[in-house]
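A short worksheet on the structure shown next.
The values are calculated or read from the model by the stated rules, or taken from the named source; none is laboratory data. Please read these numbers as outputs of a predicted model, since none were measured by experiment. FYI the Cβ positions are ideal-geometry reconstructions off the backbone, even for glycines, and counts take in every protein chain you see. The accessibility values were calculated without ligands, DNA or RNA, using every heavy atom of the protein model including side chains. Shrake-Rupley method; radii C 1.70, N 1.55, O 1.52, S 1.80 Å.
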Amino acid sequence: MPTFTINGKEVKTEAGKTILQAAVANGVRIPHFCYHPHLSIDGCCRMCLVEVEKIPKLTIACNTPVTEGMVVRTNTEKVLKARKGVMEFQLINHPLDCPICDQAGECKLQQYTFEHGITHSRFREEKRPGRKRFKIGPRVVFDEERCILCRRCVRFCREVSKTGELAVFSRGDKSIINTYPGISLDNKYSLNTVDICPVGALTNADFRFQVRVWFLEETKAVCPGCSNNCSIRICHRRGKVYRLLPRKNMDVNKVWMCDNGRITHKQIETSNRLTVPLVKKGNKLEEVSWNEAFDTIAKGIQKIKNNEIGAIGSPHATNEECYLFNKLIKNVFNIKNDIECIVPSWEADDLLIKKEKAANPQGAREFGVKTNDTSSVKKIIKGNLKALYIIGNDIIDNSNTKQDVLQTLSKLDFLVVQDTHNSDLSSIANVVLPSATFAEKEGTFTNINGFVQKTNRAVPCPAKAKPDLEILSGVAKAMGRPFETIEPDKVMDEISKNVKSFKNICYEKLGETGIKINN
Amino acid sequence: MEDFLITTAKVLFIFGLNMGVFAPLLTWVERKQSALMQDRIGANRADILGFSMIGLFHPIADAIKMLAKEDFIPEGANKIMHTLSPIICVVPALLTFAVIPFGGEYVIGGKHIKLVIADLDVGLIFIFAISSLATYGTVIAGWSSNNNWSLLGSLRASAQMISYEVAMGFTLVGVFMVYGSLQLTQIGAAQESFFRWGIFLQPLGFFMFLACAIAENKRAPFDVAEGESEIIAGYFLEYSGLKFGMFYMAEFLEIVTISAMVTTLFFGAWHIPFISSALILSMLSFLNETLANIILMLIHISVFWVKVIFFIWFQMTIRWTLPRFRYDQIMKLGWKILLPLSLANILVTGIVILILQ
Amino acid sequence: MIVNRNITMTWWERIYLPEIFRGISVTSNHFFRNLIGFIPALLNKDKKRKIFTLYYPDEKVEFPPAYRGRPVLVVDENGTERCVACGLCEIVCPAKCIEIQPDETELEKERYPKSFSINMARCIFCGFCEEVCPKEAIVMSDECEIADLDRNKMFYKKDQLLISKNKLQKRLNYIKEIYGKWNY
Ligand code: SF4
Ligand code: SF4
Ligand code: SF4
Ligand code: SF4
Ligand code: FES
């Protein structure tokens, strides 16, 4: 544990830390471009110069390890002058693009220019021209003029995604970032380069020019893309979600997230969202009030014998929803059959992406729901079933069995579908209940390794749609046995009382990054 | 019968002049004069068939507007009092004119005609008595409106009016002493010679009387009772339509009354400086007596009203020149300056009269 | 609150009466001057009145370039707006009356406002939007007659805001001059 002095304050730090890391740990801000805590150290931007006693010249903080008795100063006149100089060099070839640049507002170059730069350019020569709006990958747009060659993106592709598409080509002031010939920046994590690019050189093709970042509100949430449950921030404005960004969670996703996760918000505003409760009258689905829909369900279910009713849960539902669905089926409907659910899957990798392509299959299993992959659909819906309550539409996910499934289901006496989107399944249902997507509800998800994280409501539900908790309690009430509570935190308290593995979980303890259940 | 007709004619003349000419016209004069004083144009938009007549139609437009407006009585207000108070304000302003002479005494058709409606022996006292009644109008207006600002306005108004009434009474004592009468016709007649005008005999009295009278009328610079910036409009805040118009009418009528009193008491009433009635009559001696007297009467009436109009103009000028006093300044002026000064004025006048005897 | 302005008045001023007459002489001076100066204009003889107030709707003033009328968007020689939808005016507007939807364009400027609306019922004509605009794309014009009886009509859409550069040249020169002094 070396002890060193920074700006006159004596502090202790762990061995092997660099000055920059130690400074950050002690609340001292040192401007930097190329240093990133989760990438290797490059030391190429020279923005982090500090003055260290007994070292004759200024030295970079990001790559100088702290030694015992070192005396560091980060705000002497010499340092400030050096920063000014570095800024001036950075800006030599940088275009005056802030008004159109999407990074403006969260741009390090902008910030440091404001803090340390000079207001006038002394540069009289022509600026170096570069490629503008260059599609360097399917999801990433590159602006060569804005690049400050910090190599963060290069290091990311080499060290984190391990795909290595990017490199610096040419030398001196002709250096440019480019992909190797014949390939494009199209790995599954390519949008992380946009996040770590300190300037607006790499931008998200999807988010480009949609909205200014300073108008966005951020809500802490959890990515519903796969059972890894990366921590995310939902960036939204006036009820519309514009982008998802990763949130630091060292247990789950560090600071990264996959490209696929970033587009999960697309499902929120589509034309086929279910927005009003529907009930089949004659041969047509008609819009009804919530109460009428609930009453229809209650009547339909009561007509049918208990052992002829089935329930299919959703691996996308939150823990609270799984629990209440269980309660509804087992206690209110009095059904002895197991609740099944179908979990879609895709190819996993060893960074973040997990095999099960749903937010909460692990949570569902904790509550006794049987999870099956899509190939076993037929097995589930065989038998003497006359009524079925389905949440979600994963059951028709597998195109091989889809027609069969639909045919079997259309023979049922009574089919309730609780879903977010219109599908072939909802069109054959007797009652359709419009529910909320991940950004429209509050709750917790359990990831594949057992980390329970809280996700928050960012935007309101469209039209008359409701969060699943409210729908489930509505059905229970119509059946004459209402739930005690549907507040997510109260439900969690109930869960921790009744479900053994959730004993240590309550909302206060979850914090921002969640805790692990004990199994 | 003849007397009755003559009196009726006089009443109609005064009433018509005040209500038909001065009250409406003064609203126009006020706007136009303030505009000219402030290098503006002033009211000029109301027109009939494209003729705007330098804004002369505005009083008509105003009247139509006020008649057409909702007569609003606030919730919780005392309805009877609320309706009564504008009337209590207007009537005294009109009544005072009963004792103010607008001409001398003329022999027409062998009859002696005095151009005053009621030639009371105690004319001045009558004026004080009547004009004090206006205080009730404001107090009741403010109180019956059931509004804090109105109440504040009426409190200010009543305090101010009562304070200045004292000083006003004393300032005029000097005038009675000099002319030895309370009868306004006699005071007027006594000023036939130019140097016997009240302004020369009671110069201090004139200024003090004017100040007190304007304060009585609650016009700028003594308009704290309305004080738009502090209490919105004071006692008549809750009034609208015709009732609101009546407060304004009372104010304008009182301007005329004050001018008429100043003229009568200090500025030689109906007399023309250096030209006595006898002189005019002798110049008209080629006519028969009645005709000469009629011409003399007409000359005197116009001289009187010209003087009145001058003082109306003067009051308007003061109103648009001086900023509003603070409340404490008003009280200080009334009690600490005007009252002692008026007492001193009485003393000095008394001593001078004693010496001259 | 009593504010002591430390004004010492001379004895002459303290009598107050002479000062009143001085004031009255000033105002009545104006009164008579205007009363006489008014007559030729009344008779429609002389257009040049002594009173400089205008008969507003009939006569109009030409505003100096410093006048801040309704904000408008500058259209350049090539027929498109200068605005790049940077959103700075939207965030700086104290009345929160600007709404911009940016989008991508094929033009060289890359970014343009797909829709741009100003709620003129809310605008307070502060000119902040003009001052903050990095492209000199939004300027205060000299139009001020925007009153309307319908609130919905006060939402000025992009096509109502576009005004060609030539018409705004005076103001553009002016803002270059005054904001050029700051040098942020
Ligand atoms: S990268 Fe930063 S400094 Fe450069 S144009 Fe974009 S916002 Fe401005
Ligand atoms: S594109 Fe961005 S991250 Fe990559 S080198 Fe340039 S500035 Fe750095
Ligand atoms: S500040 Fe200028 S360029 Fe930016 S959005 Fe407003 S008008 Fe357009
Ligand atoms: S002038 Fe001021 S209030 Fe009006 S749009 Fe511009 S910034 Fe907003
Ligand atoms: S952060 Fe240290 S050199 Fe770039």
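Quick notes on this structure:
- Near A:TYR242, the amide H atoms lying under 5 Å from its own belong to A:CYS235, A:HIS236, A:ARG237; only residues 5 or more places off or on other chains count, and H is placed 1.01 Å from N.
- At least 50 Å² of accessible area lost relative to the chain alone, listed for region A:93-135 with a 1.4 Å probe: A:PRO99, A:ILE100, A:ARG133
- Contour minus Cα-Cα distance for A:ARG133 and A:LYS9 (0.36 nm per residue): 40.0 nm
- Note, ³J(HN,Hα) from phi for region B:137-149, Karplus 6.51, -1.76, 1.60, rounded to Hz, x at Gly and Pro: x, 5, 4, 5, 4, x, 5, 6, 6, 6, 9, 4, 5
- Which listed pairs, of C:LYS96/C:LYS153; A:LYS135/A:LYS441; A:LYS299/A:LYS379, have C-alpha distances above 24 Å, in listed order: A:LYS135/A:LYS441; A:LYS299/A:LYS379
- Each Lys or Arg adds one and each Asp or Glu subtracts one; over the other residues with Cβ under 9 Å from the Cβ of A:CYS34, this totals +3.
- Sites matching GluC sites (Glu not before Pro) across region C:81-184 that sit in DSSP coil, with at most 16 neighbouring C-beta atoms within 10 Å: C:GLU106, C:GLU108, C:GLU143, C:GLU145
- Contour minus Cα-Cα distance for A:GLU77 and A:LYS248 (0.36 nm per residue): 58.1 nm
- Distant-in-sequence amide H partners of A:ALA205 (H built 1.01 Å from N, under 5 Å): A:VAL140, A:VAL141
- Given chain A, longest segment not containing exposed loop GluC sites (Glu not before Pro) (DSSP; at most 11 other Cβ within 10 Å): A:127-346
- Each peptide among A:39-50, C:115-126 gets the average number of other Cβ atoms lying within 10 Å of its residues, and from highest to lowest they stand as A:39-50, C:115-126.
- Under 5 Å, built H, 5+ apart or other chain: amide partners of B:ILE108: B:ILE113
- For region B:238-244, putting each phi into the Karplus relation 6.51 cos²θ - 1.76 cosθ + 1.60 with θ = phi - 60° gives couplings of 8, 9, 9, x, 5, 5, 4 Hz, in residue order, rounded to whole numbers and with x for Gly and Pro.
- The local environment of B:SER276, defined by Cβ-Cβ distances under 15 Å, has a net charge of -1 under the rule Lys, Arg +1 and Asp, Glu -1.
- 3J(HN,Hα) from dihedral phi, region C:55-71, Karplus parametrisation 6.51/-1.76/1.60, rounded to Hz, x for glycine, proline: 7, 3, x, 7, 10, 10, 8, 8, 6, x, x, 6, 5, 9, x, 5, x
- Rounded to whole Å, sorted largest first: equivalent-ellipsoid semi-axes of region B:72-356, Cα gyration tensor: 37, 23, 15
- Computed over region A:425-519, the P(r) curve from all C-alpha pair distances, binned at 10 Å from the origin, holds 15, 38, 33, 13, 1 percent per bin.
- Whole-number percent relative contact order across chain A, with pairs defined as alpha carbons under 8 Å at least 6 apart: 11 percent
- 26 Å Cα-Cα reach of A:LYS57 towards lysines, excluding residues that sit fewer than 8 places from it in its own chain: A:LYS9, A:LYS12, A:LYS17, A:LYS78, A:LYS81, A:LYS84, A:LYS108
- Applying a DSSP loop filter and a limit of 16 other Cβ atoms within 10 Å to the trypsin sites (Lys or Arg not before Pro) in region B:1-101 leaves B:ARG40, B:ARG45, B:LYS69.
- Percent accessible area from carbon and sulfur atoms, the protein assembly as shown, protein chains only, probe 1.4 Å: 58 percent
- Test item: B:38-46 mean partner chain Cβ contacts at 10 Å: 4
- Cα-based convex hull, the protein assembly as shown, per residue volume (Å³, whole number): 309 Å³
- Sites B:LEU242 and B:ARG45 - FRET efficiency at Förster radius 30 Å, r taken between beta-carbons, to 0.05: 0.85
- Sum of -39500 (n - 2.57) over DSSP H runs of 4+, divided by residues of the protein assembly as shown (222 nm, nearest 500): -11500 deg cm²/dmol
- Summed residue charge, Cβ within 14 Å of B:LEU94's Cβ, Lys/Arg positive, Asp/Glu negative: -1
- Mean separation of Cα contacts under 8 Å (6+ apart) over length of region A:278-516, as relative contact order %: 20 percent
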